[in-house]
Structures are given as C-alpha cells and as structure tokens.
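Trainee: If you scroll down you'll find the structure; I have some questions about it.
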Amino acid sequence: MQEEQRVPRDPGEMPVFPIGDAGPRFGWTKMTVQHASTEANLLNLLIVDDERVVREGCRDVAQTLGFATFTAENAEQAYKILDGTSVDVILLDLRLPGIGGLEALRQIKERRPEIIVIVVTGYATVQSAVQAMKHGAFDYVTKPFNMDELRILLDRVTGHLKLTTENRILREQVKARHGFGGLVGRAPEMERLYRIITKAANSTHPVLIMGESGTGKEVVARAVHYTGCYKDKPFIPVDCGSLVPTLIESELFGYVKGAFTGAQHSKQGLLAMADGGTVFLDEIGELPIDLQSKLLRALQEKEIRPVGGTRAVPINVRILAATNRDLEQAVQQGTFRRDLYFRLNVLTLRIPPLRDRKQDIPLLVGHFLERAERATGFQRNISDEALKLMLTYEWPGNVRELEHSLDRACALTSGPTINSIDLPTTIQNWHAQTQAVLAPEAPAVPTSGIVPIAEMEKQAILEAINRLHGDKLEAARLLGIGKTTLYRKLKEYGAVS
Amino acid sequence: MAAVMGIRRQLHDLSNILTGLLITAGLLKHFVPLTGNGGRYADDLEEGSERAAGLVDDIRREIHRLEALVDKRGESTIVCDARPSLGQQSGEN
C-alpha cells in the first residue's frame, strides 16, 4: 500500500515530486504543462493493479491532472485503503491475484456505491466488459493504453463528478432556498414541520393536518404523499366543505346502478379508486356525522359499501385529513365523532400561521413573483416600502392572502416594480393603523439633500435582498459583506424578526 | 482451445508490459526535460510501444475471429481455417 500523493499546484505547472519509491521514477523538475487540468483537484483516485509499472505510471499521470492518488497491488490492499479514505474514483484491473477484479468491483460497489470505478481489462472481451458494467462500473479501458487515453478517461470522470456534485449542490440550494416539497419557508417552525413531514411520509398511518385557512394544508398533504412510499400512486383531494353531504358519500364510497335517480351506471368511489394511493380529505371537520361513522368503518374494516350496494369492496388507501377547526372542541360539542378523531389523529402536523413566521415573507414574495414571471414572462420586483408594509401586516388569510395580494398587485402595476399603492387597501390601512407604533423605526428622511451613509447602506442592503428575492446569502456575497454582518444590519433595521 | 487460452494469458502479460511502456514513454516525453538525443530516444520508445500495441490488437482480433469460427463450425475444423489466415497476416507484416 502506498502513501497518499497529494500535491498542491499552480495551474499549468508540473509539481516537483520527491525522488524515491513513493514518487515517480524520474527526477522531476518543474516545467510547464500545456494541458494539465486542475479540475480534479481534491479528487482521490485509487489505482488497483498488480503490475508495478502500470500502477505507478497511472499514478503519475493522474497526479498531472490534480488527483490525489493511492495505489494497491490487490483487492485486499484496496479494501484497507477504502476503509480509511474517502476515495472518489478507482482504476481497477480486472485480472488481480487473489480476489479477482470482478468480485472486487462487486464488493466495492456494495460497500461504497458512490465511488466511480473504471475497470481495466487485458482480455477486452465483450463479456467481461458487460459484466463489469452490470456490476456498476462507470467505464472500462482495454490494455494496452497510452498516457493520452488515460488522461482523456480521467478528464471525463472529473467532468462527470463535477456535474454530479453541481447537481447535488443545486438541488440542496433549491431545497434550502425555498423549503420542502412545494412549501416555502425557512423559519424554525417550518423546519420542524419539514422534519415531521419526512417522518409522516415514511409511515402508513393516517395524518391529521391542522392549520388556519390559507396556510397550505393541501400543499403539506401533497408533500407527505409525494415524498413517501405512496408517491407513484394517485393523490386524490376531496373538499368535504364544498360538497353537499349526499355528493360526498357517493364520491367517497361510489354507488351502484339505480342507487338513486340519475344513477344510470355504477361508479367506483374515490376511496377504492385510490388503489394504494392517498385520499386527502380537506375540511374533515365539515363531514356530516352520519358520514363520519361510515368513514370510520371504512378505515377500520378497510372496505367500503357503495351507495345502494350490498357487497363490500376492499380498499387500500392512506387517509390524510385536514381541518382549520378545533376538532377537540368539536368532539366535546358532539359535532365530530371522538373515535374518528382518534383514528385520524395518529400523526398530527400543525402548520404555523404566516404571522408567526414573518421572516419567510420575503422568500414567499420572491417565490410568487418568480411564478408570476414564469406565467406571464414579465419580471417584477417589489419596492422596499411595499415589502415593509407586507412585513408589518398580520395576514389573517395567511399564505393564500399573500399570494392573492401579489397576483392582484402584479395585475394592477404598470411597471416592473410593485409599490405600496398596488397592494390591497386592507394592507395599506393596516400600516396606517400601526404607523404610530412604528414611527420611531421609520427611516430618517434627509431634509438637507444629503443622504447619510448609514441610510445609503440600508437602501443598498434592502435593495439587494429585494432584487435577489430574499436570498440574503447571495446578497451578502454581492455586497461584499459577511452574512453575519448582513443579518446584524437587518436586525438593526427591524427587517427581520 | 487450450492453446488459445494460453495465448490469451500471454497477451495479457504483454498488454501489461506495453501499458507500462506506453505510459512511461508519454510521461518521459511530456514531463521530463530531455537534452541531446533524449527527445529522439523518448519518441522512438513511444513509437515502438505504439506499434507493439497495434500488433497486440491485431493478434487479439485474430483470436476473436478464431473463437467465432469455433462457435460456428466446431473445434475440429478450426485448424484448417485458422492457419492460412494467421500465415497471411504474418506475411503481410
């Protein structure tokens, strides 16, 4: 087993290697390399080959591309290196003494599936290449190969790894920037909600989603469905509040031909139609009491009886229910069945109202403006004054109210910027009512025509955040200040809670 | 077919040796400052290794061809089919 050869370098310069066993067999001197890539910097390459000259030659070539290298003569040595090192790429000879290359490949992919393995074959048979690819090899190269072929292959791996990493980072950034499964927000309350959603998604129990009107209960239900094991099955939302009781019954349980006037054909109910998927019962608190008992029976027995039918139909469905009512109170008042409440309330998700997570408002504004831009092709931003109004408003209609307010503002504004005047009067008036309280925090108005530096700084920060749709980290980077400084400044301005 | 397997093993060893030579020649040419006739020697070494690698590929293809013939006609006829072909190949070279 060889020591790691990590060589810091400047682009275009050949490193000065030590002379001896651990380094190349030449007395290296510093000289210019025309095409040496530095893309592979910090990538760890393990070369497994029983032929010393090949092993060391490949090592030296890889080092010219910026790889940190390890070498092993056989599979056992390779496993030892893998146990103690973060290896990104393996160049694996298929013909090894002891454990063969294919078996080694299988074991490596089993232990560390993320590692890219390039197999080196001397036989060049189609079978060995196919087998290697079946075992998860990224590519294969046939001996004899020269330095250029090796460099091209390693460059390709580097490019692939770079893309994979970028994709992963982008996905994480999108997730971190916006939230989780269609939900937008990074407030601690939302982070907690995301964690519970993840747990709920991986279980099969009913989930009760509670939250005020407009908080996004259906979005949460969809997040539970689409991040869980039911994601490939149907997601069927049913609004119990907007349907008349008889219609809810026939929709949920289905009906047989002749069950009632107009039932000319039998119809499958949504609970049966879900077939392994999810039925989301929105406004479950509005479900009539007689249907509550029928639903309870369906959940307990896992079968339903269609309207007018005599035969039970088996169902395989997960129930997610949501309500903005206090169900415990409804149980005490006798308008909601206690046993159904307990049946549904196995897992509870509580969505915080928007007034309790106002720090998410800039993110939500950015999200909805981006969506409007995608729909209309017009890019719009929001003025500081308008954003400040939105931050002071209490949002009784929660995210839905904010969404509608922005849609309305986008429709009303004639320019690219949404101003206070474009917002609904309720929001403007709210500000007027609270102005007296906010007056001490109002920005200093320059009366002499000279703008204080602090004010200019504030404007620059708020404008940057506004233009970046609330992305404070990016704003800090572009403004050339630390994120801690930016957050401190925002706290000073009262722009973040 | 046992003879073919033997040739395969020898080819593998030869491929190993040639890979080492090719890579060493490439490193020598591109990354080691050579004076006097050094550059020419490195070029010769690389060129010779490349030609040898080409010959290995030719032999490998010939083995594949022979194996295909075995699959198609059976081992008893392979000797008659294979020898003229190998002979021609050697003659051309």
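Laboratory data are not the source of any read-out in this text; all were calculated from the coordinates shown. Note that the structure is predicted; figures quoted are calculated from it, not measured. Cβ atoms come from the backbone with ideal geometry, glycine included; neighbour counts cover every protein chain shown.
Trainee: Residues of segment A:192-218 being of a type in the set (A, V, I, L, M, F, W, C) and crowded, with 18+ Cβ neighbours inside 10 Å, which ones?
Mentor: Selection gives A:LEU193, A:ILE197, A:ALA200, A:ALA201, A:VAL207, A:LEU208, A:ILE209, A:MET210.
Trainee: Taking B:ALA3, is it surrounded by fewer than 13 Cβ atoms within 10 Å (Cβ to Cβ) and either away from every other protein chain (no Cβ under 12 Å) or among the hydroxyl-bearing types (Ser, Thr, Tyr) (or both)?
Mentor: Taking the combined requirement at face value, the residue satisfies it.
Trainee: While we're here: Does segment A:90-102 include one or more residues that are touching a residue at least 24 places away in the same chain (Cβ under 8 Å), touching a Leu at 6+ places or on another chain (Cβ under 7 Å) and β-branched (Val, Ile, Thr)?
Mentor: Yes, there is a match, as at least one residue in segment A:90-102 is touching a residue at least 24 places away in the same chain (Cβ under 8 Å), touching a Leu at 6+ places or on another chain (Cβ under 7 Å) and β-branched (Val, Ile, Thr).
Trainee: Please give the helices (runs of 4 or more DSSP H) falling wholly within segment A:50-150 in which 3 or more residues are within 11 Å of another protein chain (Cβ to nearest Cβ).
Mentor: Output list reads A:52-64.
Trainee: To continue, here is another question. Quick check on my filter: what residues within segment B:6-25 are closer than 23 Å to B:GLU67 by Cβ, within 11 Å of chain A (Cβ to nearest Cβ) and in contact (Cβ under 8 Å) with a residue 24 or more places away in the chain?
Mentor: Once the filter is applied, which keeps residues that are closer than 23 Å to B:GLU67 by Cβ, within 11 Å of chain A (Cβ to nearest Cβ) and in contact (Cβ under 8 Å) with a residue 24 or more places away in the chain, segment B:6-25 yields B:ARG8, B:LEU11, B:LEU14, B:SER15, B:LEU18.
Trainee: Test A:ILE196 against the stated conditions and say whether it is out of contact with any Gly (no Cβ under 7 Å at 6 or more places or on another chain) and either in a helix (DSSP H, G or I) or of a type in the set (A, V, I, L, M, F, W, C) (or both).
Mentor: yes
Trainee: Something else: Taking A:GLY136, is it in contact with a Lys or Arg (Cβ under 6 Å, 6 or more places away or on another chain) and surrounded by fewer than 19 Cβ atoms within 10 Å (Cβ to Cβ)?
Mentor: So A:GLY136 fits the description; yes.
Trainee: Right, next: Answer yes if at least one residue in segment B:26-42 is in a helix (DSSP H, G or I), within 14 Å of A:PRO144 (Cβ to Cβ) and either in contact with a Cys (Cβ under 8 Å, 6 or more places away or on another chain) or within 11 Å of chain A (Cβ to nearest Cβ) (or both), and no otherwise.
Mentor: yes
Trainee: Quick check on my filter: what residues within segment B:26-54 are under 17 Å from the mean Cα position of the chain (by Cα) and closer than 20 Å to A:LEU91 by Cβ?
Mentor: Scanning segment B:26-54 gives B:SER49, B:ALA53.
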